[in-house]
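Data first, discussion second: the structure below is written as structure tokens.
The values are calculated or read from the model by the stated rules, or taken from the named source; none is laboratory data. Computed from a predicted model, the values in this text were never measured in an experiment. Note that each Cβ is placed from the backbone with ideal geometry, even for glycine, and that neighbours are counted across all protein chains shown. With ligands, DNA and RNA removed, areas are computed over all heavy atoms of the protein, side chains included. Shrake-Rupley method; radii C 1.70, N 1.55, O 1.52, S 1.80 Å.
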Amino acid sequence: ISFKKGVPTKITNASDGTSITDSLDLFLYCNKIAGKHGIGRIDIVENRFVGIKSRGVYETPGGTLLRAAHLDIEGICMDREVKRITETLAAEFARLCYNGFWFAPEMELVRNSIEYGQRDVEGNVRMELYKGNITVLGRESEKSLYNADLASMDIEGGGEAFDYNPADAAGFIRINAVRLKTYAALRSKD
């Protein structure tokens, strides 16, 4: 599944060569192939806006497939803190939709913020579907923030281009440990 600015733009089935770019056809095709594998069924108890709990059984195979691919490509294209904030915005977006506030000013703010956060989310995610499972096989993006040299603890000089030295982490770990040591000392008095 290919993405541009966070939006799915193409799906290619490696098994039969099917390739779809029209957004509606892409979603319908995702529904078909994911549904065939039993993906996307949930049974939940909801809290309605008026305070009533209700049980719902929903099926959204295409949405489940696209969400899994989207979360995966976000993982390499999106900054950690931007990702954390957009996760909060996603929950607020869902709440506003569920409660019928599509045209509210707060929804406009949330939608614009999410769109801004998606500007670098592009690339391809390879997946396999089987018996209710979605397995990500790999991903690639020209806008990936992942850098193997920087992430590696084994490569001598890894991260030099970013002025990063893994030994710097020792001081960071010691500083962050102060809070935990203080808490442990307080608990040991109980």
Residues of region 87-114 being loosely packed, with under 12 Cβ neighbours inside 10 Å and not in a helix (DSSP H, G or I), which ones?
Gly100, Trp102, Phe103
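So if I check each of Ala34, Ala14, which one is within 19 Å of the chain's Cα centre (by Cα) and outside any strand (DSSP E or B)?
Numbers: Ala14 fails: within 19 Å of the chain's Cα centre (by Cα).
Of the residues listed, the single one that is within 19 Å of the chain's Cα centre (by Cα) and outside any strand (DSSP E or B) is Ala34.
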Quick check on region 38-54. Is at least one of its residues open to solvent by 40 Å² or more (accessible area, probe 1.4 Å), in contact (Cβ under 8 Å) with a residue 60 or more places away in the chain and under 22 Å from Glu140 (Cα atoms)?
no
Which one of the conditions (1) β-branched (Val, Ile, Thr); (2) more than 27 Å from the chain's Cα centre (by Cα); (3) within 30 Å of Asn47 (Cβ to Cβ) does Thr88 fail to meet, given that it meets all the rest?
(2)
Selection count, region 1-30, where residues are in contact (Cβ under 8 Å) with a residue 12 or more places away in the chain and open to solvent by less than 50 Å² (accessible area, probe 1.4 Å):
10
Within region 156-190, restricting attention to residues that are in a loop (DSSP other than H, G, I, E, B) and open to solvent by 80 Å² or more (accessible area, probe 1.4 Å), which residue is modelled with the lowest pLDDT?
Glu156
